[in-house]
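To start, the structure under review is shown below, and the notes come after it.
The values are calculated or read from the model by the stated rules, or taken from the named source; none is laboratory data. These numbers were taken from a predicted model, which means no experiment stands behind them. A quick note on method: Cβ atoms are made from the backbone with ideal geometry, for glycine too, and the neighbour counts reach across all protein chains shown.
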Amino acid sequence: MPDTQDIETREEPRTAQIEALAAELRERRRRQGLSLEALSARSGVSRSMISKVERGEAVPSTVVLSRLAEALGTTFAALMMPASTEHEVLVIPRARQPVLRDEATGFSRRVLSPVLPGRGLDVVLNTLPAGAETGVFTPHRSGVEEYVWVQRGRLRAQLGEAEVLLEAGDSLFFDATVPHAFSNPGEEPCEYLLVIDSSVRR
(Lines give C-alpha, C1' and ligand atoms only; values in the text may rest on other atoms or scores of the structure.)
Protein backbone atom coordinates (compact mmCIF):
# COMPACT_ATOMS: atom_id res chain seq x y z
CA MET A 1 0.00 0.00 0.00
CA PRO A 2 1.46 3.40 -0.93
CA ASP A 3 3.05 5.37 1.87
CA THR A 4 1.16 8.64 2.24
CA GLN A 5 3.50 10.10 4.85
CA ASP A 6 4.74 13.61 4.02
CA ILE A 7 1.88 14.16 1.59
CA GLU A 8 0.62 17.68 2.11
CA THR A 9 -1.50 19.27 -0.57
CA ARG A 10 -3.81 22.19 -0.83
CA GLU A 11 -6.89 22.80 -2.88
CA GLU A 12 -6.82 26.03 -4.86
CA PRO A 13 -8.25 27.59 -8.01
CA ARG A 14 -6.64 26.51 -11.25
CA THR A 15 -3.73 28.58 -12.48
CA ALA A 16 -1.68 28.26 -15.64
CA GLN A 17 1.17 26.72 -13.63
CA ILE A 18 -1.08 24.14 -11.98
CA GLU A 19 -2.68 23.21 -15.30
CA ALA A 20 0.74 22.85 -16.94
CA LEU A 21 1.95 20.60 -14.12
CA ALA A 22 -1.21 18.49 -14.32
CA ALA A 23 -0.88 18.05 -18.08
CA GLU A 24 2.83 17.21 -17.92
CA LEU A 25 2.36 14.61 -15.19
CA ARG A 26 -0.56 13.00 -17.02
CA GLU A 27 1.27 12.96 -20.36
CA ARG A 28 4.45 11.43 -18.93
CA ARG A 29 2.50 8.73 -17.10
CA ARG A 30 0.52 7.79 -20.19
CA ARG A 31 3.60 7.89 -22.42
CA GLN A 32 5.18 5.23 -20.21
CA GLY A 33 2.02 3.13 -20.31
CA LEU A 34 1.45 3.43 -16.57
CA SER A 35 -1.95 3.31 -14.95
CA LEU A 36 -2.70 5.44 -11.92
CA GLU A 37 -2.36 2.30 -9.82
CA ALA A 38 1.04 1.46 -11.31
CA LEU A 39 2.42 4.95 -10.73
CA SER A 40 1.03 4.86 -7.20
CA ALA A 41 2.83 1.60 -6.48
CA ARG A 42 6.07 2.88 -7.99
CA SER A 43 6.07 6.27 -6.25
CA GLY A 44 4.40 5.57 -2.91
CA VAL A 45 1.86 8.33 -3.58
CA SER A 46 -1.80 7.35 -3.31
CA ARG A 47 -3.84 6.82 -6.48
CA SER A 48 -6.41 9.39 -5.40
CA MET A 49 -3.73 12.03 -4.85
CA ILE A 50 -2.15 11.42 -8.27
CA SER A 51 -5.59 11.68 -9.85
CA LYS A 52 -6.27 15.00 -8.10
CA VAL A 53 -2.92 16.42 -9.19
CA GLU A 54 -3.53 15.32 -12.80
CA ARG A 55 -6.92 17.05 -12.76
CA GLY A 56 -5.42 20.22 -11.33
CA GLU A 57 -7.49 19.89 -8.17
CA ALA A 58 -4.57 19.69 -5.72
CA VAL A 59 -1.05 21.08 -5.49
CA PRO A 60 1.46 18.42 -4.37
CA SER A 61 4.04 19.10 -1.70
CA THR A 62 7.64 19.28 -2.88
CA VAL A 63 8.32 15.83 -1.43
CA VAL A 64 5.35 14.30 -3.25
CA LEU A 65 6.29 15.91 -6.56
CA SER A 66 9.86 14.68 -6.17
CA ARG A 67 8.57 11.14 -5.57
CA LEU A 68 6.47 11.29 -8.71
CA ALA A 69 9.34 12.71 -10.76
CA GLU A 70 11.70 9.96 -9.61
CA ALA A 71 9.10 7.27 -10.32
CA LEU A 72 8.73 8.62 -13.87
CA GLY A 73 12.49 8.82 -14.41
CA THR A 74 12.48 12.60 -14.73
CA THR A 75 13.21 15.62 -12.57
CA PHE A 76 11.28 18.04 -10.40
CA ALA A 77 12.03 20.90 -12.80
CA ALA A 78 10.96 18.93 -15.87
CA LEU A 79 7.49 18.48 -14.40
CA MET A 80 7.25 22.15 -13.47
CA MET A 81 8.57 23.75 -16.65
CA PRO A 82 8.06 22.83 -20.32
CA ALA A 83 11.14 21.82 -22.30
CA SER A 84 12.84 24.55 -24.30
CA THR A 85 14.19 24.20 -27.83
CA GLU A 86 16.52 27.20 -27.49
CA HIS A 87 20.05 26.26 -26.45
CA GLU A 88 22.42 29.15 -27.13
CA VAL A 89 21.00 31.98 -25.02
CA LEU A 90 17.88 31.56 -22.94
CA VAL A 91 16.49 34.10 -20.48
CA ILE A 92 13.79 33.02 -18.03
CA PRO A 93 12.07 36.10 -16.56
CA ARG A 94 11.32 35.88 -12.85
CA ALA A 95 7.59 35.87 -13.57
CA ARG A 96 7.98 32.68 -15.65
CA GLN A 97 10.06 30.76 -13.11
CA PRO A 98 7.81 28.06 -11.60
CA VAL A 99 7.44 28.17 -7.82
CA LEU A 100 6.01 25.41 -5.66
CA ARG A 101 5.18 26.28 -2.06
CA ASP A 102 4.07 23.99 0.76
CA GLU A 103 1.29 25.75 2.62
CA ALA A 104 1.82 23.71 5.78
CA THR A 105 5.53 24.52 6.17
CA GLY A 106 6.09 27.59 3.99
CA PHE A 107 8.91 25.74 2.18
CA SER A 108 9.20 27.02 -1.38
CA ARG A 109 11.18 25.95 -4.44
CA ARG A 110 11.81 28.24 -7.41
CA VAL A 111 13.05 26.57 -10.60
CA LEU A 112 15.82 28.71 -12.13
CA SER A 113 17.11 26.42 -14.87
CA PRO A 114 15.54 25.69 -18.26
CA VAL A 115 14.60 22.15 -19.22
CA LEU A 116 16.77 21.26 -22.20
CA PRO A 117 16.45 17.96 -24.09
CA GLY A 118 19.28 15.56 -23.30
CA ARG A 119 20.53 17.53 -20.30
CA GLY A 120 19.78 16.57 -16.72
CA LEU A 121 20.72 19.60 -14.66
CA ASP A 122 18.25 21.36 -12.36
CA VAL A 123 19.01 24.58 -10.49
CA VAL A 124 16.50 25.37 -7.75
CA LEU A 125 16.38 28.20 -5.21
CA ASN A 126 14.88 26.95 -1.95
CA THR A 127 13.54 29.03 0.91
CA LEU A 128 12.93 27.28 4.23
CA PRO A 129 11.31 29.25 7.09
CA ALA A 130 12.82 29.22 10.58
CA GLY A 131 12.17 25.90 12.31
CA ALA A 132 10.69 24.29 9.19
CA GLU A 133 11.55 20.94 7.63
CA THR A 134 11.33 19.77 4.03
CA GLY A 135 10.25 16.22 4.77
CA VAL A 136 12.22 13.22 3.52
CA PHE A 137 13.03 13.07 -0.18
CA THR A 138 13.12 9.62 -1.73
CA PRO A 139 16.54 8.34 -2.90
CA HIS A 140 17.30 9.14 -6.52
CA ARG A 141 18.43 6.55 -9.02
CA SER A 142 22.09 5.64 -9.27
CA GLY A 143 24.25 8.43 -10.65
CA VAL A 144 22.26 11.42 -9.38
CA GLU A 145 24.30 13.94 -7.39
CA GLU A 146 23.29 17.11 -5.58
CA TYR A 147 25.13 20.30 -4.69
CA VAL A 148 24.00 22.81 -2.07
CA TRP A 149 25.13 26.37 -1.37
CA VAL A 150 23.63 28.28 1.56
CA GLN A 151 22.99 31.90 0.65
CA ARG A 152 21.67 32.97 4.05
CA GLY A 153 20.63 31.41 7.33
CA ARG A 154 21.50 27.94 8.62
CA LEU A 155 20.67 24.57 7.11
CA ARG A 156 20.76 21.08 8.60
CA ALA A 157 21.05 18.23 6.09
CA GLN A 158 20.19 14.63 6.94
CA LEU A 159 21.84 12.41 4.32
CA GLY A 160 21.12 8.78 5.05
CA GLU A 161 22.82 8.18 8.40
CA ALA A 162 24.97 11.32 8.15
CA GLU A 163 23.99 14.76 9.42
CA VAL A 164 25.72 18.05 8.65
CA LEU A 165 25.08 21.65 9.67
CA LEU A 166 25.74 24.39 7.14
CA GLU A 167 26.16 28.11 7.77
CA ALA A 168 25.75 30.96 5.28
CA GLY A 169 28.39 30.62 2.57
CA ASP A 170 28.96 26.89 3.15
CA SER A 171 28.56 24.40 0.32
CA LEU A 172 27.83 20.69 0.22
CA PHE A 173 28.04 17.82 -2.24
CA PHE A 174 26.40 14.43 -1.77
CA ASP A 175 25.39 11.28 -3.58
CA ALA A 176 21.60 11.60 -3.76
CA THR A 177 20.91 7.86 -3.83
CA VAL A 178 20.12 7.92 -0.10
CA PRO A 179 17.04 9.34 1.66
CA HIS A 180 17.71 13.01 2.36
CA ALA A 181 15.98 15.83 4.19
CA PHE A 182 16.68 19.42 5.16
CA SER A 183 15.65 21.55 8.11
CA ASN A 184 16.25 25.08 9.31
CA PRO A 185 17.49 25.20 12.93
CA GLY A 186 17.97 28.96 12.81
CA GLU A 187 15.77 31.90 13.75
CA GLU A 188 15.58 33.40 10.27
CA PRO A 189 14.58 31.99 6.87
CA CYS A 190 17.24 29.95 5.11
CA GLU A 191 17.83 30.41 1.39
CA TYR A 192 19.91 27.81 -0.38
CA LEU A 193 20.72 26.98 -3.95
CA LEU A 194 20.29 23.35 -4.95
CA VAL A 195 21.80 21.85 -8.09
CA ILE A 196 20.60 18.37 -9.05
CA ASP A 197 22.81 16.64 -11.60
CA SER A 198 21.15 13.63 -13.22
CA SER A 199 23.04 13.94 -16.51
CA VAL A 200 24.88 10.67 -15.91
CA ARG A 201 22.68 7.94 -14.46
CA ARG A 202 24.84 4.89 -13.99
For segment 43-64 the number of residues that are under 13 Å from Pro139 (Cα atoms) and either assigned to a helix (DSSP H, G or I) or among the basic types (Lys, Arg) (or both) is 3
Checking Arg119 against (1) among the basic types (Lys, Arg); (2) outside any loop (DSSP other than H, G, I, E, B); (3) closer than 20 Å to Met81 by Cα, only one condition comes out false. Which one? (2)
So which residues in segment 115-135 are in contact (Cβ under 8 Å) with a residue 40 or more places away in the chain and either touching a His at 6+ places or on another chain (Cβ under 7 Å) or among the charged types (D, E, K, R) (or both)? Arg119, Asp122, Glu133
Here are some residues: Arg152, Arg110. Which one is surrounded by fewer than 20 Cβ atoms within 10 Å (Cβ to Cβ), under 21 Å from Pro60 (Cα atoms), among the basic types (Lys, Arg) and out of contact with any Gly (no Cβ under 7 Å at 6 or more places or on another chain)? Arg110
Of all residues being more than 17 Å from the chain's Cα centre (by Cα) and either in a helix (DSSP H, G or I) or of a type in the set (Asp, Glu) (or both) in segment 1-18, which is modelled with the highest pLDDT? Just the residue, please. Ala16
Inspect all residues belonging to segment 173-188 and state whether any of them is buried (at least 20 other Cβ atoms within 10 Å of the Cβ), free of Cβ contacts under 8 Å to residues at least 40 places away in the same chain and within 16 Å of Val63 (Cα to Cα). yes
Give me the residue from segment 46-62 that is surrounded by 20 or more Cβ atoms within 10 Å (Cβ to Cβ) and under 14 Å from Arg29 (Cβ atoms) and, out of that set, modelled with the lowest pLDDT. Pro60
List every residue pair whose Cβ atoms lie under 6 Å apart, where the two residues are 6 or more positions apart in sequence or sit on different chains, the first residue falls within segment 33-57 and is touching a residue at least 40 places away in the same chain (Cβ under 8 Å) and assigned by TED's automatic domain parsing to the domain that holds Thr74, and the second residue, located anywhere, is of a type in the set (Gly, Ala, Ser) and assigned to a loop (DSSP other than H, G, I, E, B). Lys52/Ala58
Quick check on this structure: which one of Glu70, Glu103 is touching a Pro at 6+ places or on another chain (Cβ under 9 Å) and among the acidic types (Asp, Glu)? Glu70
What number of residues within segment 124-144 satisfy the criterion of being at pLDDT below 95 and surrounded by fewer than 17 Cβ atoms within 10 Å (Cβ to Cβ)? 5
From Leu72, Leu68, Leu79, which residue is closer than 25 Å to Pro179 by Cα and surrounded by fewer than 21 Cβ atoms within 10 Å (Cβ to Cβ)? Leu72
Here is a list: Pro98, Pro60. Which entry is assigned by TED's automatic domain parsing to the domain that holds Val115 and in contact (Cβ under 8 Å) with a residue 40 or more places away in the chain? Pro98
